[in-house]
Amino acid sequence: MSRKEARGELMNMRDCVVRRAQLEDLTTLVNFNQALAQEARDEKLNPQLLTQGIEGVLSDSNRGFYTVVELESKTVAVALVTFEWSDWRNAWFWWLQDVYVELNYRQQGIFRFLYTHLKTEAQTANVCGLRLYVYKGNTKAQEVYRKMGMNSSNSLIFEEFLLNKGIIGHCRTLCIVLTLFNILL
């Protein structure tokens with residue numbers, strides 16, 4: 001389907017369905033994450049490691065959850081939500097990660113639809129704010145996030161890989177977030 005054809009079908013967001021991902025979505029989630037890594041970082045992820053990582057989220061809600069947007073039973077967008085406890089606010093932040101909208105469905109309000117859904121869900125759950133990672137070079141995505149009302153924070157993220165297997169093997173990251181001012185939504 002061409003972008004133009006998709007755009008015509010998406011004029012009405014009532015045709016879209018937002019839902020939590022299930023194990024049946026695994027292949028799509030793996031494919032979308034591979035596409036995201038290739039597009040944003042020119043990297044190919046280890047498929048076995050990626051599959052295991054996504055299965056880990058789908059089987060353990062303490063790790064987070066994936067939300068998908070469907071149009072006519074086809075998944076067209078996805079976001080992973082993970083959690084960060086804030087002792088300063090005595091509340092949770094939700095981190096939006098691995099945000100991906102299929103190429104033919106971009107610039108049509110799909111991300112806005114997904115983001116609005118997640119923001120409403122977060123407000124209902126008394127989440128104190130939404131945060132997301134975006135690659136420094138992904139200026140298109142940064143502009144989209146600004147248009148949604150998000151701002152770049154005054155925080156820097158430093159990381160140290162504790163197991164030096166990178167994308168080849170199991171990898172845990174120690175992230176030290178230096179927060180000067182937090183942006184709340």
Rg over Rh of the range 9-134, using C-alpha atoms and the Kirkwood radius, what does it come to? 0.96
Give me the compactness ratio for the range 104-167, meaning the Cα radius of gyration over 2.2 N^0.38 Å. 1.39
In units of 2.2 N^0.38 Å, the Cα radius of gyration of the range 18-72 is 1.15
Give the percent of DSSP beta bridges with both residues in the range 78-145 that are antiparallel, rounded to the nearest 5. 65 percent
Quick one: net charge around L130, please, counting Lys, Arg +1 and Asp, Glu -1 for every other residue with C-beta under 11 Å from its C-beta. 0
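Rule-based calculations on the coordinates, nothing more; no lab input. This one's a predicted model, so the numbers in the text were calculated from it and none came from an experiment. A quick note on method: Cβ atoms are made from the backbone with ideal geometry, for glycine too, and the neighbour counts reach across all protein chains shown.
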